[in-house]
1. Confirm whether G176 is small (G, A, S) and over 20 Å from T78 (Cβ atoms).
2. Among the residues of the stretch 144-174, what is the count of those that are at pLDDT 95 or above, away from the ligand (no atom under 12 Å from the Cβ) and closer than 18 Å to N98 by Cβ?
3. Name every residue in the stretch 42-86 that is in contact (Cβ under 8 Å) with a residue 40 or more places away in the chain and within 17 Å of Y142 (Cβ to Cβ), in order of residue number.
4. Suppose the filter is touching a residue at least 12 places away in the same chain (Cβ under 8 Å), within 14 Å of the ligand (Cβ to nearest atom), surrounded by fewer than 18 Cβ atoms within 10 Å (Cβ to Cβ) and basic (K, R); does R108 pass it?
5. Among the residues of the stretch 90-97, is there at least one that is surrounded by fewer than 13 Cβ atoms within 10 Å (Cβ to Cβ), at pLDDT 90 or above and in contact with a helix residue (DSSP H, G or I) (Cβ under 9 Å, 6 or more places away or on another chain)?
6. Of all residues in the stretch 121-131, count the ones that are part of a loop (DSSP other than H, G, I, E, B) and either buried (at least 16 other Cβ atoms within 10 Å of the Cβ) or at negative phi (or both).
7. Out of the residues in the stretch 121-143 that are closer than 22 Å to F46 by Cα and among the hydrophobic types (A, V, I, L, M, F, W, C), which is farthest from the ligand (Cβ to nearest atom)?
8. Please find, among E178, E100, the residue that is surrounded by fewer than 18 Cβ atoms within 10 Å (Cβ to Cβ), within 11 Å of the ligand (Cβ to nearest atom) and part of a loop (DSSP other than H, G, I, E, B).
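The values are calculated or read from the model by the stated rules, or taken from the named source; none is laboratory data. As the structure is a computational prediction, the values presented were derived from the model and not from experiment. In this analysis, Cβ positions are derived from the backbone assuming ideal geometry, glycine residues included, and neighbour counts consider all displayed protein chains.
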Amino acid sequence: MIKSNYFKIIFVSVIFPVIFIAAASVQPVNRSDEHKARAQEAAQSFMGELQGILLNELREGGPVQALSVCADTAQLLTQAAAGELGVSLKRVSGRIRNPENAPDEYERKILEKFSKMHNEGKEPPFIHTEERTFNGEKEFWYIQSIHLQAQCVGCHGSEDQIAGNVRKLLRDHYPGDEATGYKPGDFRGALRVSFSITNNCFLINE
Ligand code: HEC
């Protein structure tokens, strides 16, 4: 009897902690790699879908048709893709077309960091990841830079690259439009993907 109690004490005070610590330490050392992969998959899927629609409309009906579709679709598609992928999605820029895409203070800081990297000639895309806590809830934030491509100038380029009827549509839809005057390769903005990671934290090393 005494012996068995003795064993229990040893088990609880020595063996159990050793097993527990060992179990905790074999957890993947870097859970954030998994989060990053999930975010990157969501980013690729969303950007692919958005560009697919845009290019298709551009090919079929030119910028005016693409614009009439994209003006309403971009926000809806962002919400739909976010729901489907189980993440929160937002496109942001320092020079916005749609005020819905205005960055918050945190996003603005990351945009500034990316802009600096662009000016220093760093190789894009630029990526920022961070775990952030809101009201005790942990979120993984992934932000990836967006750069202008040749097919974007019909709606984001210089005045002479944007057709008159497109300029008119843009003026009507987005009276405060700041998102013109870009050249291919320019740093245009970023896509933010974020999701809760609180539910995944079940071991002591989180
Ligand atoms: C047919 C016109 C058109 C083309 C081509 C186009 N865009 Fe846009 N872009 C828009 C419109 C309209 C919006 C505002 C949509 C919204 O509500 O998010 C927008 C918004 C954006 C935003 C979000 C920030 C903001 O200013 O509101 C980014 C980033 C962006 N475009 C990047 C690109 C890139 C990169 C390309 C080329 C791959 C591209 N766009 C091609 C029309 C276009």
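1. Numbers: small (G, A, S): yes; over 20 Å from T78 (Cβ atoms): no.
Answer is no for this residue.
2. Looking only at that region, the number is 0.
3. Passing the criteria: A42, A43, S45, F46, M47, L85, G86.
4. Yes.
5. Within the stretch 90-97, the subset surrounded by fewer than 13 Cβ atoms within 10 Å (Cβ to Cβ) is none.
No, there is no match, as no residue in the stretch 90-97 is surrounded by fewer than 13 Cβ atoms within 10 Å (Cβ to Cβ), at pLDDT 90 or above and in contact with a helix residue (DSSP H, G or I) (Cβ under 9 Å, 6 or more places away or on another chain).
6. The number of residues fulfilling the criteria is 5.
7. It comes out as F140.
8. On the way: E100 fails: part of a loop (DSSP other than H, G, I, E, B).
Sole residue among the options that is surrounded by fewer than 18 Cβ atoms within 10 Å (Cβ to Cβ), within 11 Å of the ligand (Cβ to nearest atom) and part of a loop (DSSP other than H, G, I, E, B): E178.
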